[in-house]
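Report on the structure given below.
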Amino acid sequence: MKFEETELPGAYVIELEPVRDERGFFARAWCAREFEAAGLTTVHAQTNFSYNGRAGTLRGLHYQLAPHQEVKLVRCIRGSIYDVIVDLREGSPGYRKWIGVELSACNRRMLYVPAGFAHGFVTLEDDTEVLYQVNEFYTPGAERGLRYDDPAIGIRWPRAVSIISEKDAGWPAFSA
């Protein structure tokens, strides 16, 4: 795997390193030794799956409060998404900044989301599926979120949001 740190410290785009032959290719999508060598969290408590029937579906922006903060490894296994993370770590050089990465079944890239980040995505295609590993168990009382259209964050989504849950539409605006 190739680990490329983003402009937000601790967040990585991870590319597979396929070994190809006439059958296609083989590649590791996760290896504890490689993650440890890159200094990344390797323990995963849950694997979550998200099916999204229509393009323009938005999920997020979600995070959990300490001590239940989540590290996520996100991969789109069918269709494509615009995956967004926001650095909420006070004192971080990336505080309140965001990045967006296109993840798709075709590019097979993954996004490593460190603890202390809000995470969400919008689907770019119908019938999109997302798989992500999480290092902490979901804790309902620790769940929080940010508005996807909060002007204090200023995320530039590549398409209009057409489907969003009432809960995600109701997250409060960011407050410093």
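The values are calculated or read from the model by the stated rules, or taken from the named source; none is laboratory data. The structure displayed is predicted, hence computed values, not measured ones. All Cβ positions, even for glycine, are placed from backbone atoms using ideal geometry, and neighbour counts span all protein chains on display. For the accessible areas, the whole protein counts, side chains as well, though only heavy atoms, and no ligand, DNA or RNA atoms are used. Shrake-Rupley method; radii C 1.70, N 1.55, O 1.52, S 1.80 Å.
One line per residue, one yes/no per condition, for (1) assigned to a strand (DSSP E or B); (2) buried (at least 16 other Cβ atoms within 10 Å of the Cβ); (3) of a type outside the set (Val, Ile, Thr); (4) touching a residue at least 12 places away in the same chain (Cβ under 8 Å):
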residue: Leu40; (1), (2), (3), (4): no, yes, yes, yes
residue: Phe49; (1), (2), (3), (4): yes, no, yes, yes
residue: Arg54; (1), (2), (3), (4): no, no, yes, yes
residue: Arg59; (1), (2), (3), (4): yes, yes, yes, yes
residue: Leu73; (1), (2), (3), (4): yes, yes, yes, yes
residue: Val101; (1), (2), (3), (4): yes, yes, no, yes
Run Tyr82 past the list (1) open to solvent by less than 70 Å² (accessible area, probe 1.4 Å); (2) under 21 Å from Gly10 (Cβ atoms); (3) out of contact with any Pro (no Cβ under 6 Å at 6 or more places or on another chain) and report the number of the one that doesn't hold.
-> (3)
Taking segment 148-160 as the search range and keeping residues that are open to solvent by less than 40 Å² (accessible area, probe 1.4 Å) and in contact (Cβ under 8 Å) with a residue 60 or more places away in the chain, which one is farthest from the chain's Cα centre (by Cα)?
-> Ile153
Residues of segment 28-38 classified as of a type in the set (A, V, I, L, M) and either touching a Ser or Thr at 6+ places or on another chain (Cβ under 9 Å) or not in a loop (DSSP other than H, G, I, E, B) (or both), total = 2
Failed item in (1) within 25 Å of Ile164 (Cα to Cα); (2) modelled with pLDDT under 95, with Ala29 passing the rest = (1)
Restricting attention to segment 11-25, the residues that are closer than 24 Å to Glu102 by Cβ, open to solvent by 50 Å² or more (accessible area, probe 1.4 Å) and part of a strand (DSSP E or B) number exactly 3
Pairs, first without any contact (Cβ under 8 Å) to a residue 40 or more places away in the chain in segment 161-176, second basic (Lys, Arg) and surrounded by 10 or more Cβ atoms within 10 Å (Cβ to Cβ), C-beta under 6 Å, six or more apart | Ala173/Arg147
Complete set of residues in segment 88-113 that are under 12 Å from the mean Cα position of the chain (by Cα) and of a type outside the set (Gly, Ala, Ser) | Trp98, Ile99, Val101, Glu102, Leu103, Arg109, Met110, Leu111, Tyr112, Val113
